[in-house]
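Participant: Below are the structure tokens for one structure; questions will follow.
The values are calculated or read from the model by the stated rules, or taken from the named source; none is laboratory data. All of these numbers come straight from a predicted model, not from anything done at the bench. Backbone-built Cβ (ideal geometry, glycine too); neighbour counts: all protein chains shown. Ligands, DNA and RNA are excluded from the accessible area calculation, which covers all protein heavy atoms including side chains. Shrake-Rupley method; radii C 1.70, N 1.55, O 1.52, S 1.80 Å.
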Amino acid sequence: MYKENTGVSNVEFHILKIEKAIGPDRQISKTDYDWILDRELINNFEESMTYATNPKIKLIDNRFLIFSRSDYQFALYDLKLNKDILNIRDPWSEWASKNIWAENGTDYKTDIKDERTDYGLWIKKNLDDKIVEYLKTNR
């Protein structure tokens, strides 16, 4: 897993499948972009930095790769199928584009907002819970 700070409050995570001979401390520069793309399994971006702490990857049953951060599961990759099962590259933008506030049942036009909580509820419902359900069904 590589973490890239892309702005004042933005971070991007790259989960790569790399050869055993390559050490985890390899420094990657912008000129290595093609090298990254050839090995990238999951790309995940956090625009707001709201849920960007404690990033982790976990391997389940030697098949499922889960990327989590801030105690939520954000992405699922199936190594057997060699396929990204669930990964919204920029979840904050996806949530914001829906123009809804799940917690309060209102829209952006109201004054009743709690962005952090609402975004967290959206992540739980649309990413974390779906990953849990997929694993229950496909293990």
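Participant: Considering (1) over 12 Å from the mean Cα position of the chain (by Cα); (2) modelled with pLDDT of 75 or more, say which one ALA75 fails and leave the rest.
Facilitator: (1)
Participant: Please work out if SER68 is open to solvent by 20 Å² or more (accessible area, probe 1.4 Å) and at pLDDT 90 or above.
Facilitator: Yes, satisfied.
Participant: Additional query: Can you tell me which residue within segment 88-99, out of those that are open to solvent by 70 Å² or more (accessible area, probe 1.4 Å) and out of contact with any strand residue (DSSP E or B) (no Cβ under 8 Å at 6 or more places or on another chain), is modelled with the highest pLDDT?
Facilitator: It comes out as SER97.
Participant: As an exercise: evaluate ALA102 against (1) open to solvent by less than 70 Å² (accessible area, probe 1.4 Å); (2) modelled with pLDDT of 90 or more; (3) in contact with a Leu (Cβ under 8 Å, 6 or more places away or on another chain) and give the number of the one condition it does not meet.
Facilitator: Single failed check for ALA102: (2).
Participant: Going by the structure shown, is PHE74 within 13 Å of ARG139 (Cα to Cα) and open to solvent by less than 30 Å² (accessible area, probe 1.4 Å)?
Facilitator: When the stated conditions are applied, PHE74 does not pass them.
Participant: Still on this structure, I have one more. Could you check segment 113-139 and list, in sequence order, the residues that are at pLDDT below 95 and among the hydroxyl-bearing types (Ser, Thr, Tyr)?
Facilitator: Listed by number, the residues that qualify are THR117, TYR119.
Participant: Something else: Within segment 27-41, identify whether any single residue is part of a loop (DSSP other than H, G, I, E, B), in contact with a His (Cβ under 9 Å, 6 or more places away or on another chain) and not charged (D, E, K, R), and answer yes or no.
Facilitator: yes
Participant: Which ones in segment 1-58 are open to solvent by less than 90 Å² (accessible area, probe 1.4 Å), modelled with pLDDT under 75 and either over 26 Å from TRP95 (Cα atoms) or of a type in the set (D, E, K, R) (or both)?
Facilitator: Result: GLY23, ARG26, ILE28, SER29.
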